[in-house]
1. Which whole-Hz ³J(HN,Hα) couplings does segment B:173-183 yield from phi under the Karplus relation 6.51 cos²θ - 1.76 cosθ + 1.60, θ = phi - 60°, glycine and proline marked x?
2. Multiplying the sequence separation of B:F157 and B:D81 by 0.36 nm and subtracting their Cα-Cα distance, what value in nm do you get?
3. Express as a percent, rounded to the nearest 5, the fraction of DSSP beta bridges in segment A:85-209 (both residues included) that run antiparallel.
4. Using each residue's phi in segment A:115-123, evaluate 6.51 cos²θ - 1.76 cosθ + 1.60 at θ = phi - 60° and report the 3J(HN,Hα) Karplus result to the nearest Hz, with x for Gly and Pro.
5. Rg over Rh of segment B:58-137, using C-alpha atoms and the Kirkwood radius, what does it come to?
6. Tell me, how many Å apart are the Cα centres for segment B:149-196 and for segment B:27-47?
7. Shape call for segment A:101-176 from the C-alpha gyration tensor, a ≥ b ≥ c root eigenvalues: rounded (a/c under 1.5), prolate (a/b greater than b/c) or oblate?
8. If I fit a long axis through the Cα atoms of helix A:25-37 and take the longest principal axis of the Cα atoms of chain A, what angle between them do I get, 0 to 90°, rounded to 10?
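The values are calculated or read from the model by the stated rules, or taken from the named source; none is laboratory data. Here the structure is a predicted model, which means the values were calculated and not measured. Quick reminder, even Gly has a Cβ in these numbers, built from the backbone with ideal geometry, and neighbours come from all protein chains shown. All accessible areas refer to the heavy atoms of the entire protein, side chains included, with ligands and DNA or RNA removed. Shrake-Rupley method; radii C 1.70, N 1.55, O 1.52, S 1.80 Å.
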There are 2 protein chains.
Amino acid sequence: MEKEFASTLLENAVNEFAKLPGIGRKTALRLVLHLLRQEERVAVGFGEAIIKLRREIKYCNSCHNISEQEECPICANPARDHSIICVVENVKDVMSIENTAQHRGVYHVLGGLISPMDGVGPQDIEIDSLVKRVADGGVKEVILALSATMEGDTTNFYIYRKLAPTGVKVSVLARGVSVGNEIEYTDEITLGRSIQNRTLFSDSFNNSL
Amino acid sequence: MEKEFASTLLENAVNEFAKLPGIGRKTALRLVLHLLRQEERVAVGFGEAIIKLRREIKYCNSCHNISEQEECPICANPARDHSIICVVENVKDVMSIENTAQHRGVYHVLGGLISPMDGVGPQDIEIDSLVKRVADGGVKEVILALSATMEGDTTNFYIYRKLAPTGVKVSVLARGVSVGNEIEYTDEITLGRSIQNRTLFSDSFNNSL
């Protein structure tokens, strides 16, 4: 495989694409050759959008969501309930929850989960700034909306203990059978929790309105 | 889906990725967030590699392969047999054939196949320049190494007719059962052709040495 490409320019571009998660060398080559076939302004526009994004992106001073100003549009919106903070792992989760239109409060983006296996400790993510936000007052509830994984559970527990002295209400997303999933294919732990946390049928009926 | 992202910078970068073949909006977002998490020089290096490639890439004057000089390393190599031209659709096919180490001649990259469905005619690909190369003399054989598809067959036939007046030998890749494939799962047309074009067993034996 030595001297795979006729051009180091081509080789460099393929190497850059192949560094992205889930993109192998074959796909990288296919994408690069696609960009080469486009007009120059298309390929240059692609490269410039990435550079501009990385150089000019800002994060909200308050919730650490991606933003173009010091404060993100959600935090800056007076119609949002600033007394309810939804804690999420990353920017993508903000978008997912916004798409449900079920959360009228604000967010706090941790930027990761506690994961001793990956060397990520509580100091590496935005937990201290969350505790400070709550300690500053005006917050009634913190909703923990982290993944239902070992790392999510660890982070939930750590945050819960850190917030306990403030007396703020700490809630967590309901665990249960996913909508559309068959009981037969639902794992036992989820099924067990969904029995423990069963809700009134009339409530499920009202929620769906 | 209106106002999907908190930042137009983010939205632009996702849009650019989503234009690439086989990359949907979800994957595009995942890739962009990955680049955002990297150090600035990594993300900027990515963008610059693409821009540099598209701005500075050259194509070989003779065979239209990707090159850094006026003439690609294969055409410039005196050890290659310049009297045998292998005609391929694109740059990737040059790499595939080079990896077999079975072709000691040179190439001619068409840059596409004749496809009336996609509005690609003979004038849109490098057929005239191929005919000129052959007409200039010194070429003994043209090997057509195009895909075994309708478009490949159409292009083969068009090139064959264009080259007929020059009297050059025109050959085509053997069609047959792929190595490793079972007869049971080989389609009938391929199987039929492989019977018609059967080779001496002793030859197959010698070729594999």
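1. Result, rounded to whole Hz: 4, 5, 9, x, 5, 5, 4, x, 7, 8, 4.
2. Values: separation 76, 0.36 × 76 = 27.36 nm, distance 2.46 nm.
That pair, B:F157 and B:D81, stretches by 24.9 nm at full extension.
3. Looking only at bridges with both residues in segment A:85-209, the antiparallel portion is about 10 percent.
4. Per residue, the Karplus-derived 3J(HN,Hα) values read 8, x, 4, 9, x, 9, x, x, 6 Hz.
5. Rg/Rh for segment B:58-137 comes to 0.97.
6. Each part's Cα centre sits 44 Å from the other's.
7. Values: a/c = 1.74, a/b = 1.24, b/c = 1.41.
It comes out oblate by the Cα gyration axes.
8. Relative to chain A, helix A:25-37 is tipped by roughly 70 degrees.
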